[in-house]
Structure formats: C-alpha cells, structure tokens
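Presented below is the structure to which this report refers.
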C-alpha cells in the first residue's frame, strides 16, 4: 500500500505534502483551541497537550525518516503504536523528574499523552510516503517545533 | 496492521480522556468513600501559586489523596471525616458540608469527548487517504 508511488508526478507529490502539512496543523490547532475553550482558566493544560503533540511529532518523524530505506511500508507502520507507547513513557519520566514541581500530576501526564496519541495518528500518513525526504518532513518538524514552543509558553503562562 | 493501529490509538485516547475526568472528579471527594480522621494536610506550590496549588490530605487509614482547594480549606488535622461514595456532602466533625465539582472537572467533561472525537476524526481522515491511495 503506497500513498504515492515512486513514479508519482511532482504535482501529486506536492499536493500530498500539502495535505500532510494540513493534517499536522488542523487537528493540533483544533485540539489546543478545545482545551483553551473549555479549560481556559488553566493554560498549563493546553500547554502540556501542545508540548506533547509537538515533541511527539518531531521525534516520530525523525525516527520514521531514519528507518532503513529498505524497510517496507508495513514494517514502518508496525512502529506506530510502539512509538506512541514510548512517547507516553517518556512523558511519565519527564513529569516524574524535571517537570515535577509539587508532585507527579496525573492530569498533566494525561494531557501530554493525549498530544502524543494525536501525533501518532498522523504517523501512518508519513510512514507510507515513498520519499521520506519530501517537504512533508520539513513541514512536520517545523509544525512540531512550533507546538512544542507554544506548549512550553502556555504551560508557564 | 492499520486497523490495529487505529484501534490502539483510539483506545489510548479514550483511556487517557477518562483518566483525566476521573482524577478531576476524585479531587472533589464526591466519588470517594471516606471514613476516618485527617492525619496531615499539606499544600505544595506549583507553577502558578494560588491557582494550581496541590492540596494533599492523609487519612488515618493511610490513604493520601489530592483534593480541591475548597475542600482542603474545610479540613483540619484531626478532623473526623465521613462520607459514602457518590454522596455530594461530607460530614466533618459531625457537621455536614456540601461538596462541589471543580471548574476543572466541568471543563474536562466537555473537552475530553471533543479531544476523543478529534483523535477519531484524524484517524478516519488518515485511513481514508491511505485507502484511496491504495486503490
């Protein structure tokens, strides 16, 4: 199953990359705004969610891009759930150590993990790309970094 | 493989959203059954003092729970507390005090279903793209 065959027309690749960029942007923004709409009195909740989403998007895309080029798309997709579990585990670790202020906050942990889950939902769209070096990768990394930064700001706002 | 990914990711989302709601509800004490006397009350500062402080209550059965600030303000070390699960009032030293859910829980009750829907919608769109590309 390929999202874009290797013989894909450059315009088709461009369209596919543009769609992937929108996929990275729309759910992330909608979810962060949902947190702000209903839990606006606690910007740190949206901050943890956005940071979890951004960090997982960056780390996931870097991992999938650096899988051996011989790896089949099925084997790339086999990594998606384990990656999500690893990112949730890293969230436990950071929340219990460097971000532990008063105590391990389960709500902060759940929010950043929900961000990791949303990011993982996008990985299949990237894992099935025939060209991992396409502009979709750069766009995803930039969007992830912006979410991570915005999340950090919101978490302490 | 993709259906397994879909199932796992949506399940993770639902479990985490439910955990958020449960934790916020439990901090009001309303879903909890509590009986005993308070042995310690501790307030720890978080990032925004006065806004996200952590209030930890220990009961003589050894249980340590984080509670909402409004409930912590009603308690003192040595207070005898008693309540049944899902009762929206607590007896503190023989005096009945009403309990209320926090603004956090009210927000979570709306936000978490929306976040689950966003996760499900994202999975649906990605799956549809993969299917249409395969055809």
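We did not get these values from a lab; they are worked out from the coordinates using the rules stated. Predicted, not measured: the structure shown is a model, and the values here were computed from it. For neighbour counting, all protein chains shown are included, and Cβ atoms are generated from backbone atoms with ideal geometry for every residue, glycine included.
Going by how many other beta carbons lie within 10 Å of each one, how would you line up B:102, A:46, fewest first?
Ordered from fewest to most neighbouring Cβ atoms within 10 Å, B:102, A:46 come out as B:102, A:46.
For segment A:26-42 and segment B:100-126, what is the separation of their Cα centres, given in Å?
Result: 10 Å between the Cα centres.
Given N residues in segment A:89-143, what is its alpha carbon radius of gyration divided by 2.2 N^0.38 Å?
Cα-based Rg divided by the globular estimate yields 1.49.
Using 7 Å Cα-to-Cβ label points, what is the residue A:63/residue A:98 separation (nm, one decimal)?
1.8 nm
How many angstrom lie between the Cα centre of segment A:128-157 and the Cα centre of segment B:20-90?
Rounded to whole Å, the Cα centres lie 39 Å apart.
Among A:128, A:32, A:94, which one shows the biggest mean-square fluctuation in a GNM of chain A, springs joining Cα atoms closer than 10 Å?
Comparing A:128, A:32, A:94 in the GNM, the peak value goes to A:94.
Based solely on C-alpha atoms, express the radius of gyration and the Dmax of the protein assembly as shown in angstrom.
22.1, 78
In the Gaussian network model of chain A, springs joining C-alpha atoms below 10 Å, which of A:19, A:77, A:100 carries the largest mean-square fluctuation?
A:100
Shape verdict for segment A:8-64, please, from the Cα gyration tensor: rounded (a/c under 1.5), prolate (a/b greater than b/c) or oblate.
oblate
Per Stokes-Einstein, at 10 °C and 1.306 mPa s, what whole-number D in µm² s⁻¹ belongs to segment B:1-101, with the Kirkwood radius over Cα pairs as the hydrodynamic radius?
105 µm²/s
Taking Cα pairs under 8 Å and at least six residues apart, what relative contact order does chain B come out at, in percent?
The value is 28 percent.
Once you've got the GNM for chain B with C-alpha springs shorter than 10 Å, pick whichever of B:17, B:85, B:25 has the biggest mean-square fluctuation.
Evaluated over chain B, the most mobile residue of the options is B:85.
Express the relative contact order of segment A:19-157 as a whole percentage, based on alpha carbon pairs under 8 Å and six or more residues apart in sequence.
48 percent
Ranking A:79, B:22, B:86 by Cβ neighbours within 10 Å, fewest first, what do you get?
Lowest to highest Cβ neighbour count: B:86, B:22, A:79.
In cubic angstrom, how much convex hull volume per residue do the alpha carbon atoms of chain A span?
99 Å³
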